[in-house]
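The structure appears below as structure tokens.
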Amino acid sequence: MTQASFLDKLANYIVNERQYSFSDIIIVLPNKRAKIFLLESFKKHLKDYFFAPKIVSVEDFVQEISGVRNIDNVELLFEFFEVYSSLTVSDKRQDFEQFANWAKTLLQDFNEIDRYLINPDYVFSYLKDIEVLKRWDLSPNNTTEIIDKQLEFWDCLPNYYSKFYNHLLEKKIGYQGLIYREAVKNIEVFSSMMKENKVVFAGFNALNQAEEKIIQHLISQNKAEILWDIDEVFLRDTHHDAGLFARRFKDQWNYYNTNQFQWIVNEFSKEKNIEIIGTSKSIGQAKIVSQIIEEKSADLSIDNLSKVALVLGDENLLIPVLHSLPSTVGSLNITMGYSSKNNPVQILVAKLFKMHSHALKRNSESYLFYYKDVLELLSNPIIETYVNASDLINLIKKNNYTFITHNRVTSLKEDRNIFFNIIFKKWDEKPLEILQNIKELLLLIKDELNHEKEEDKLVKTFLYSIFKTINQLMSYCSKNSYVNSVEILQSLYKQVVDLSEVSFEGEPLLGLQVMGVLESRVLDFETVIITSMNEGKFPSGKSNNSFIPYDIKREIGLPTFKEKDAIYSYHFYHLLLRAKNIYLLYNTENEGLDGGEKSRFITQLEVEKRNSHTISHRIIQPFIPNIAYQSMEIGKTELVLQRLKQIATEKGFSPSALTTYIRNPIQFYFQRVLSIREVEEVEENIALNTLGTIIHGALEELYKPYLNQFLSVNIIDQMIASANNEIEKQFKEVYKEGEIKKGKNLLAFEVAKRNIYNFLNDEKKTIENGDAVKILGLEVSLERYLDDARLPYPVKIAGNVDRIEIRNAKLRIIDYKTGKVEARSLQLKDWTGLTTDIKNDKIIQLLCYAFMFEEKAKDLEVEVGIVSFKNMKSGFMPFGIKEGRELDSKITSDTLEDFKKELIELILEILNPEIDFKENV
């Protein structure tokens, strides 16, 4: 049999027990959401059509009594700034960003003071006296400017409050506390105007002083009654926080001296299956939620899924949970406060602000966009598919733009659309026009959304939230002339977003119910899943965002974290009250942003376990395979073998390709067989390989005019004189539009210059010492077929060598290295394992060059070696066979024959269909 909920009980009471006329009843509930569920309960008790009684939330009811309209936090902050500006002389007035930092906290204190009907003058004078006492031993000469300003601030608080209060009252608008204070003032008039009306307050727990006075007055006039929903377990236990407020009202209200306390229920002690599940991190909880709901949805229809409540202890878990929900969830209803700071559309708008404000700060005339700002914005998933900006992205990457001018961006005529134009339109107009641009962008995104898709419905909700925020900003900017720059507008936007929330729409009576803790008030569910049951999350902890210290709050009757914990406690236990299946999820990790120890509520449940409760506790950790990582292995299919033959016979294996295979066969497969290259990215700081390209290019251009002639000191001096210009030219050719005149890139530029100057000076010294040097070739392309009976077909070896020269009648093949190379890494004792050890990669490269040039060398003695720019003192370092202490650097036909044997073995392995490409890890 289905257990009756509190709202079912309330509907039955109104219909069958009290026989009120529906037209005379006003039912006041803690929140608006419960109204729809109460109407559904009335339908169960009344089969015919009927005019429903008036059902309102307590806030709407109090607002009606007060005659003051409630405004949201954003509008409230704007109104307060207007008052603050009128009370503060211009030279002491803070800008909106500074003001908002403390005003948001002060508004919360104003709200609490009014809700609890505390005398504001008493509170503010008390706070001022405390500040003065802290510095009672300071003479006027010893105070600082900061101390004086702080005391002046406390002096101003009574004036801020009274002027702000009256300012709002004149406009008939206000914050919750003001409305409550005014309602208390008006309650007698309101009560006298009530004729046959009867007010039923139902499902309340904690009440502030204003609510208590209003309710008690109406009860005393026999115009209202109040129906609680408290379990006798919590009411009887004097130490249980869930019953703290109910016990207090029962003991302190005069009404209960002669009247019964209604309703005390006995639901908590009934049978319940409670599963406590620990897992690591938020994503772990989201996955477990999905598993639980999948199990439940398999047993329940969509209608019955509405009896399942998913209560998120941390709002940040909403998006991971929504993405993890199983496909069996046909519909859901989200009712919770979700901060606009985490709104994906807000992140898009924030990036737009960031890109344009950075562009203006760098150079307002040429309007320089920073490439990261541009790429971040264009890669945002909300607009990525709509903005056709591939040509801009390619231009930035190809030309290595660190900064790109507005003119260059707008010169891209091809495939530009209205999205592109709005995003990159200059923000040199008034803030109101900037906001209009953003508004247009949001409307364009809305028009592109597919409103039938669930993901797009969610984006639409996020979109609408920011659309409202932009509209509020537009309204405010049109009234206030001080918002006259992008900086002020951006600051204003940040403050407003901090106060905004996303409101979700859904079908409340159908599907899975996803909600926050406060949204669960009065409602009952058969299955309850609560996440983030960690200290600091559920309950939220002892955070005190207030100017009023704890001791003063206690003394003057304002709620402290003790009362707030009691409110959380009641909400938690009320969720469990009529539930049959309960799942409590918590994060097992103590560290990190979402970490913390297990909630005290879980421990309390375990310690105070009822006989009828079945409590199980388990830890679920992510599946970790026995093998953390399995190396990749790819077989050689017929197509792969055809591709290898094509490379071997047409393009050829380069020395670097061969060494890539030795390093990692999988890398060879991706790069050479599949021709997959790394994605081109902007180099904000010059990479080592780019620096190497620049040095190689500069040396090639410097030596090129003097090919096939003997070098002289005079020639080298001419090279040194033109080196600086050549290096700069190479930087511009290779690094494109990248910045080289500042920061790390300037250092790289100087390193390149130093390396080339050192190289040329060493060259000059060798010539001065009598070396005869003739350059035969620079960046020479070499190739040669390796034809051997052991190979299935002749294999081409091809590659580029940096420099070939004749020095003192010897032929030298030289490879430049910008990294550090030691001479010993080019020495070989024997040929065993040459092509199996990657430390021999430079030897293999050099010998490949020697093999390719062998026929052209003729009778000249040949040496191959490396010049390392980070080891310039070693000069030319030749490859050599080391026998004892002697090094033989001469490349003979025997040397090349030995090398060819090893090379053939390596190539046979590459071409062997039985040997897979296997990743080296």
message: Contact list please: Cβ distance under 9 Å, first residue in segment 822-837 and over 11 Å from Leu903 (Cα atoms) and outside the structural domain of Asn664 (by TED's automatic domain parsing), second residue assigned to a loop (DSSP other than H, G, I, E, B) and modelled with pLDDT of 90 or more, pairs at least six apart or on different chains.
response: none
- prompt: If you scan segment 207-255, which residues turn out to be of a type in the set (Val, Ile, Thr) and in contact with a strand residue (DSSP E or B) (Cβ under 7 Å, 6 or more places away or on another chain)?
  reply: Ile215, Ile219, Ile226, Ile230
- prompt: Within the bounds of segment 829-838, is there any residue that is within 24 Å of Phe653 (Cβ to Cβ), of a type in the set (Phe, Trp, Tyr) and in a helix (DSSP H, G or I)?
  reply: no
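Rundown of residues vs (1) in a helix (DSSP H, G or I); (2) at pLDDT 95 or above; (3) out of contact with any His (no Cβ under 8 Å at 6 or more places or on another chain); (4) not assigned by TED's automatic domain parsing to the domain that holds Ser540, yes/no style:
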{"residue": "Thr603", "(1), (2), (3), (4)": "yes, no, yes, no"}
{"residue": "Glu606", "(1), (2), (3), (4)": "yes, no, no, no"}
{"residue": "Arg610", "(1), (2), (3), (4)": "no, no, yes, no"}
{"residue": "Ile624", "(1), (2), (3), (4)": "no, no, yes, yes"}
Count of residues meeting criterion [crowded, with 18+ Cβ neighbours inside 10 Å and among the hydroxyl-bearing types (Ser, Thr, Tyr)] in segment 707-728: 0
- prompt: Residues of segment 336-360 being closer than 30 Å to Lys307 by Cβ, out of contact with any Ser or Thr (no Cβ under 9 Å at 6 or more places or on another chain) and surrounded by 17 or more Cβ atoms within 10 Å (Cβ to Cβ), which ones?
  reply: Met336
message: I need the full set of residues from segment 61-101 which are loosely packed, with under 15 Cβ neighbours inside 10 Å and closer than 30 Å to Met194 by Cα, in order please.
response: Gly67, Arg69, Asp72
Checklist (1) outside any helix (DSSP H, G or I); (2) in contact with a strand residue (DSSP E or B) (Cβ under 9 Å, 6 or more places away or on another chain) applied to Ile843, failing item: (1)
field: Gln150 being over 41 Å from the mean Cα position of the chain (by Cα), assigned to a helix (DSSP H, G or I) and of a type in the set (S, T, N, Q)
entry: no
task: Could you tell me which residue of segment 878-921 is surrounded by the most Cβ atoms within 10 Å (Cβ to Cβ), considering only residues that are assigned to a loop (DSSP other than H, G, I, E, B) and of a type in the set (S, T, N, Q)?
output: Ser889
message: Could you go through segment 229-241 and let me know if any residue there is among the hydroxyl-bearing types (Ser, Thr, Tyr) and either assigned to a helix (DSSP H, G or I) or assigned by TED's automatic domain parsing to the domain that holds Ala566 (or both).
response: no
- prompt: Considering only residues of segment 361-386 that are among the aliphatic types (A, V, I, L, M) and assigned to a loop (DSSP other than H, G, I, E, B), which is surrounded by the most Cβ atoms within 10 Å (Cβ to Cβ)?
  reply: Ile383
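Rundown of residues vs (1) of a type in the set (Ser, Thr, Tyr); (2) not in a helix (DSSP H, G or I), yes/no style:
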{"residue": "Gln513", "(1), (2)": "no, yes"}
{"residue": "Glu519", "(1), (2)": "no, no"}
{"residue": "Asp524", "(1), (2)": "no, yes"}
{"residue": "Val528", "(1), (2)": "no, yes"}
{"residue": "Asp551", "(1), (2)": "no, no"}
{"residue": "Glu563", "(1), (2)": "no, no"}
{"residue": "Ser569", "(1), (2)": "yes, no"}
{"residue": "Leu584", "(1), (2)": "no, yes"}
query: Going through segment 28-70 one residue at a time, which ones are more than 20 Å from Phe201 (Cβ to Cβ) and either outside the structural domain of Phe201 (by TED's automatic domain parsing) or modelled with pLDDT of 90 or more (or both)?
result: Gly67, Val68, Arg69
- line: All-but-one check, Asn399 against (1) touching a residue at least 60 places away in the same chain (Cβ under 8 Å); (2) surrounded by 20 or more Cβ atoms within 10 Å (Cβ to Cβ), failing number (2)
message: I'd like the residue in segment 709-735 that is within 56 Å of the chain's Cα centre (by Cα) and among the acidic types (Asp, Glu) and, out of all such residues, is nearest to Glu750 (Cα to Cα).
response: Glu728
message: Quick check on this structure: which one of Lys810, Lys742 is of a type outside the set (Gly, Ala, Ser), farther than 23 Å from Glu861 by Cα and at pLDDT below 95?
response: Lys742
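Here's the yes/no breakdown for (1) of a type in the set (A, V, I, L, M); (2) touching a His at 6+ places or on another chain (Cβ under 6 Å); (3) assigned by TED's automatic domain parsing to the domain that holds Glu763; (4) closer than 29 Å to Val795 by Cβ:
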| position | (1), (2), (3), (4) |
| --- | --- |
| Glu863 | no, no, yes, yes |
| Ser868 | no, no, yes, no |
| Ser874 | no, no, yes, no |
| Glu886 | no, no, yes, no |
| Thr892 | no, no, yes, yes |
| Leu896 | yes, no, yes, yes |
| Lys900 | no, no, yes, yes |
| Ile904 | yes, no, yes, yes |
message: So for segment 92-100 (the condition being free of Cβ contacts under 8 Å to residues at least 40 places away in the same chain and assigned by TED's automatic domain parsing to the domain that holds Lys185), does at least one residue qualify?
response: no
statement: Among the residues of segment 249-285, the number that are touching a residue at least 60 places away in the same chain (Cβ under 8 Å), among the hydrophobic types (A, V, I, L, M, F, W, C) and in a helix (DSSP H, G or I) is 0
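Conditions (1) surrounded by 16 or more Cβ atoms within 10 Å (Cβ to Cβ); (2) touching a Ser or Thr at 6+ places or on another chain (Cβ under 7 Å), marked per residue:
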position: Lys765; (1), (2): no, no
position: Glu768; (1), (2): no, no
position: Lys774; (1), (2): no, no
position: Leu782; (1), (2): yes, no
position: Asp787; (1), (2): no, no
position: Lys796; (1), (2): yes, yes
- request: Would you mention how many residues in segment 500-525 are surrounded by fewer than 19 Cβ atoms within 10 Å (Cβ to Cβ) and among the aliphatic types (A, V, I, L, M)?
  value: 3
- prompt: Which number in (1) in the same structural domain as Ile529 (by TED's automatic domain parsing); (2) within 19 Å of the chain's Cα centre (by Cα) marks the one condition that Pro326 misses?
  reply: (2)
- prompt: Here are some residues: Phe462, Phe467. Which one is more than 20 Å from the chain's Cα centre (by Cα), surrounded by 14 or more Cβ atoms within 10 Å (Cβ to Cβ), assigned to a helix (DSSP H, G or I) and outside the structural domain of Phe78 (by TED's automatic domain parsing)?
  reply: Phe467
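Residues checked against (1) touching a residue at least 24 places away in the same chain (Cβ under 8 Å); (2) farther than 23 Å from Ile620 by Cα:
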position: Val522; (1), (2): yes, yes
position: Thr531; (1), (2): yes, no
position: Asn545; (1), (2): yes, yes
position: Lys562; (1), (2): no, yes
position: Asp565; (1), (2): yes, yes
position: Arg578; (1), (2): yes, yes
position: Ile582; (1), (2): yes, no
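The values are calculated or read from the model by the stated rules, or taken from the named source; none is laboratory data. The structure presented is a predicted model; accordingly, all values stated were derived computationally and were not measured. Every residue, glycine among them, receives a Cβ derived from its backbone with ideal geometry; neighbour counts consider all protein chains shown.
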